[in-house]
1. Under a point spin-label approximation (7 Å from Cα along Cα-to-Cβ), what is the residue 170-residue 207 distance to one decimal in nm?
2. Please tell me which of these pairs span more than 23 angstrom C-alpha to C-alpha: 337/408; 49/96; 159/202; 29/140; 24/100; 153/337?
3. Note down the relative contact order for the range 16-114 as a percent, whole number, built from C-alpha pairs under 8 angstrom at least six residues apart.
4. How much length, in nm to one decimal, is gained on full extension between residue 153 and residue 51, taken as 0.36 nm per residue of separation minus their Cα-Cα distance?
5. Using only the Cα atoms of the range 120-226, build the gyration tensor, take square roots of its eigenvalues as a ≥ b ≥ c, and label the shape rounded, prolate or oblate: rounded if a/c is under 1.5, else prolate if a/b is larger than b/c, else oblate.
6. Work out how much length residue 331 to residue 216 would gain on full extension: take 0.36 nm times their residue separation and subtract the Cα-Cα distance, in nm to one decimal.
7. Fewest Cβ neighbours within 10 Å first, please rank 158, 17, 149 accordingly.
8. So if R0 is 56 Å, what FRET efficiency would residue 101 and residue 290 give, r being the distance between their Cβ atoms, rounded to the nearest 0.05?
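Every number in this text was worked out from the coordinates using simple rules, so none of it is lab data. Just so it is clear, the structure is predicted and the values come from calculations on it, not from any experiment. Here the Cβ positions follow ideal geometry from the backbone for every residue, glycine too, while neighbour counts run over all protein chains shown.
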Amino acid sequence: MKQIKEENSNNPNSLQTFLFEGKKVRVIKDEKGQILFVATDVCSILEYKNLSDVLGRLNADGVVSNYPIPDNLGRPQPTNMLTEAGLESLILGSRKAVAKEFGAWVSTHIIAILRNIFIQNAEFQLFAFENLLIRILIDKQGRLWFVATDICKALDYTKSTSSVVQQHCNAEGCTKMVHPLTKNEQEVILINEGNLYRLVIKSTKKEAQNFERWVFDEILPTLRKTGKYQMPAKIKEEEEAEDLAAAVLQEQDTYRAVQAYMERAFGAMLRDAIKNEVLPFLQKMEEKMAIMEKKQAQIDLDIAILKKAIPLLNPAAPLLQPSYVYLAYQHFSGLHKIGKADEPLTRIFQLEAGGGEITLITTIRFSSPALALMWENTLHQTFADYHVEREWFQLTEYHVKAIQNLAKSLDGLF
C-alpha cells in the first residue's frame, strides 16, 4: 500500500518524506527549484546493493554530492542526492518489477505535489488551431500549462517532444502528468507559459508566426480574463451576402468566387481546409466541365445545380448545404457513435429502427459536407484508441465532456 507523509509541508523547500510501500523516500527542492531525491532511499526501493558503484555510473548532471540534509536532531549532514535525470536513469536501468510502478508513482505523486499541479483540481480545455487540437490546462493557482506534444506539432518541430523540451525548455517549467484522454492513463509532458515563449522563439518555421499570433492575441488574453476561450463573433449574414455577390460579379467564376469568399471570411483558420478540401474539389469540377464542354445539356444541368447551391437571388440563404457531425449514445451497448449527417435526428431514427434506444448528445454544424467530413475524421483519429467498430467508440464521461466543449467552440464557425 502506498502512503504519502509530508513533513514541514508549509515550506515546499524543506525536506519532505514520502512512503512507497512502507519505504521512505526523502525529497527536497533546492534554491533553484530543482527536485532532489536521497540516493540511499531510491537504491533501497530499486534494490541496488552498491551505492558507490551506482552513483559512479551516472552522469554528472544526475548526482548532487554532499548536499546538506538535516538529521533527526536538525544537524546538516552531507548526503548524496539524485536529480530527476539521475532518478530516471536508475529506474530505466533497473530490472526489478517494482521499477516501472515506482517511476509512475514518483511522477504522479511526488513531482505533482511539489509543483502544486493536481489533475483532479484542473481541467484540460481543447482548442482548434489549423486542424490541430491544442490542449491547455489551468491549474488551481490559475497558471496555464500546455501539452508539449501539441505545441511541437503546431510549430512543426521534427524531433521528438522530449528532445525538443530538453533542448529548449527550462526544467522548472516542465512536468509530467497523466492525461485522461490517453489510453491506459499515459503521461504527457506539460510546459508552462515561459517555456511556450521559448519554443515559439526558437522555431524557425513559418507556422510559428501564425501560431504566435493565435496564442498571444486570442487565446491567452481571453483565458486570463474569463478562464475559458470564446471564439470571435460571427460575421453578419448581410456582410457575407454582399461580399459573395461582389466576388461573383467581379470574377465571373462561381466556384472561384466561393474560394475567395471563404479566404476573406475565415482567413488563416481555414487555409488548410481550403488547400486540402476546397481546392481539390474545384480542380475536379473544372476538369469535369472541360470534359463535358461539348455536352451543352449537361452544362445546363450543372448551372442549374450551381444556382441551387449558391442562390444569388436570395442572399440570406446559406452558401452551401449544411451538414453536421454528431455524438450519440446507444443504451443497450454502452457505445458512442461519432458520425456525420445532413439531418442528425433523421439519422438517429434510422439507427433506432435497427434496434435499441439511441440518444443524440450533441451536434456541430458546418457549412458543407466536406468540412463536416474533415472534422469527423479528426475526431475519429483523436479517439482511435477507443474505437470498437465502424463509427462506434467506447468513450468515458470525460471524453463526452471534451467533445461537448469542442462543439460549443466550433458550432456554426465553419
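1. 2.6
2. Values: 337/408 18 Å; 49/96 13 Å; 159/202 13 Å; 29/140 21 Å; 24/100 17 Å; 153/337 28 Å.
Result: 153/337 exceed 23 Å.
3. Numbers: 122 pairs, mean separation 22.4, N = 99.
Worked out over the range 16-114, it gives 23 percent.
4. Details: separation 102, 0.36 × 102 = 36.72 nm, distance 4.12 nm.
The span from residue 153 to residue 51 would gain 32.6 nm if fully extended.
5. Details: a/c = 1.43, a/b = 1.12, b/c = 1.27.
Since a/c stays below 1.5, the shape of the range 120-226 is classed as rounded.
6. Values: separation 115, 0.36 × 115 = 41.40 nm, distance 4.30 nm.
Taking residue 331 through residue 216 to full extension adds about 37.1 nm, to one decimal.
7. Values: 158 8, 17 15, 149 18.
Least to most surrounded, the residues fall as 158, 17, 149.
8. On the way: r = 65 Å, r/R0 = 1.16.
It comes to 0.30.
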